[in-house]
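Below is one structure; the comments refer to it alone.
Every read-out reported here was derived from the displayed coordinates using simple, explicitly stated rules and does not represent laboratory data. This structure is a prediction, so every number in the text was calculated from the model and none was measured. A quick note on method: Cβ atoms are made from the backbone with ideal geometry, for glycine too, and the neighbour counts reach across all protein chains shown.
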Amino acid sequence: MPSDSKPSQSTEVIHEAVQTLRDGGLVAFPTETVYGLGADARNVDAIKKIFTTKGRPATHPLIVHLAAPDRFDQLQVDWVPVVAPWVRDLSEEALQLMNAFWPGPLTLVFKKDKSVLPELTGGQDTVAIRAPAHPLAQELLRKFKGGVVAPSANRFGKVSPTSAADVRHEFEGILDLMVLDGGDCEVGIESTIVDLSSGDRAVLLRPGAITPKEIFDKTGVKVFQAGEDFQKGDVLPRVSGSLKAHYAPTTPLRLYAPGRVLDALTEFPDTKSRVAVAVWDAESSLGYDGRPSVSTAEFVVSSDSTSFASKLYRTLRDLDQQGWDLILFPEPPAGEEWDGVRDRLQRACFGSGPSSSSHSSN
Ligand code: TXA
Ligand code: MG
């Protein structure tokens, strides 16, 4: 956690947010990944409000956000008393991951303690937990003195918000929501999710900024990709981001292979007239000949995966507001550091466009 970054909200505002949570209300707050829509994790009615507000199916479990101990240092912090009320058992691997990456953009899935509400876990016997690094999130959680469930603060299936203004825009006219403003989210895509609940192997459920390689390098813990065996007998959508369509803009979005912008444009021969084309910052221009029926505008995206991720949702939201007929992004390169971005972009493509927005948002 950056020690020099200060929460930007006054004590009174935090106090009001804590009171709102205690009263069973919802509070949107910043995390280092994306903004969350928070509610008291021990209050059934508050949890139900999250599902109705987002339009999220009740079977999609939520992440419990917890405060780091008051005084901590990455090497000495004792996470056991923090997670103990929520989980059934803690493996050595879990302790290693928490010590190495909490607070931070890593969510861990455990077998749940029996006190954890089934409404929160979508009826599953596991619970997802994370300690976010954003100082304002930490201050809220410390003062609330309890777990806060917080899905990304967007309507179901839509692009996650990375600023307070995005959250307000998302729920405008739907809900008078308290939003804590902690500035733009640094990481920009949702946390990495690792499932430790099987007890034998750690499994990656959602790629994010923290990669299996980084986990292995720091802890020696091997994280497996979610494979066939993981899905066996599992009919519940354990990770809503695992639906094919998710994180989606209303404007159609497609990826193009290196040098193949024209191919992507040909998919939309007549009807598409204004096309926004993302190009890598390393290439000043794609140099393709524009087609007479299509007017294209290029904009630059970072060829560094971390900066790309931090701007991805911001860019998608802004482009969505600008009235393009089609958005084209370059396919992210191979390499684990791009897995989180590739995952979000592919799902965003699949769910994008006005016609498919209804199936992913209700
Ligand atoms: O970065 C993040 O994780 C953000 C910020 C706000 O913390 N939160 C977030 O929440 O992305 P949400 O609800 O949009 O995504 C949580 C994901 C869902 O895909 C859900 O299915 C998965 O976590 N999840 C929650 N509980 C789980 C469980 N018990 N087993 C497997 N997956 C679980
Ligand atoms: Mg989400």
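Summary table
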| read-out | value |
| --- | --- |
| Sequence of Phe51, Phe299 once ranked by neighbouring C-beta atoms within 10 Å, starting from the fewest | Phe299, Phe51 |
| Entries of Lys49/Lys143; Lys48/Lys112; Lys111/Lys158; Lys48/Lys114 with Cα pairs more than 26 Å apart | Lys111/Lys158 |
| Distance in nm between pseudo-label sites at Val13 and Thr59 (7 Å out along the Cβ direction from Cα) | 4.0 |
| Pairwise FRET efficiency - Leu175 versus Asp325, Cβ, R0 = 35 Å, nearest 0.05 | 0.70 |
| Burial ranking of peptide ranges 88-101, 57-70 (average Cβ count within 10 Å, highest at the top) | 57-70, 88-101 |
| Additional length obtainable on full extension of the chain from Arg274 to Val80, 0.36 nm per residue less Cα span | 64.4 nm |
| Point-to-point label distance, Asp318-Asp125, nm (Cα→Cβ direction, 7 Å offset) | 4.9 |
| 3J(HN,Hα) from dihedral phi, segment 192-199, Karplus parametrisation 6.51/-1.76/1.60, rounded to Hz, x for glycine, proline | 5, 10, 10, 8, 10, 6, 6, x |
| Estimated FRET transfer efficiency when R0 is 51 angstrom, pair Lys213-Asp45 (beta carbons, to 0.05) | 0.75 |
| Full-extension gain in nm, Asp89 to Thr52, via 0.36 nm per residue minus C-alpha separation | 10.2 nm |
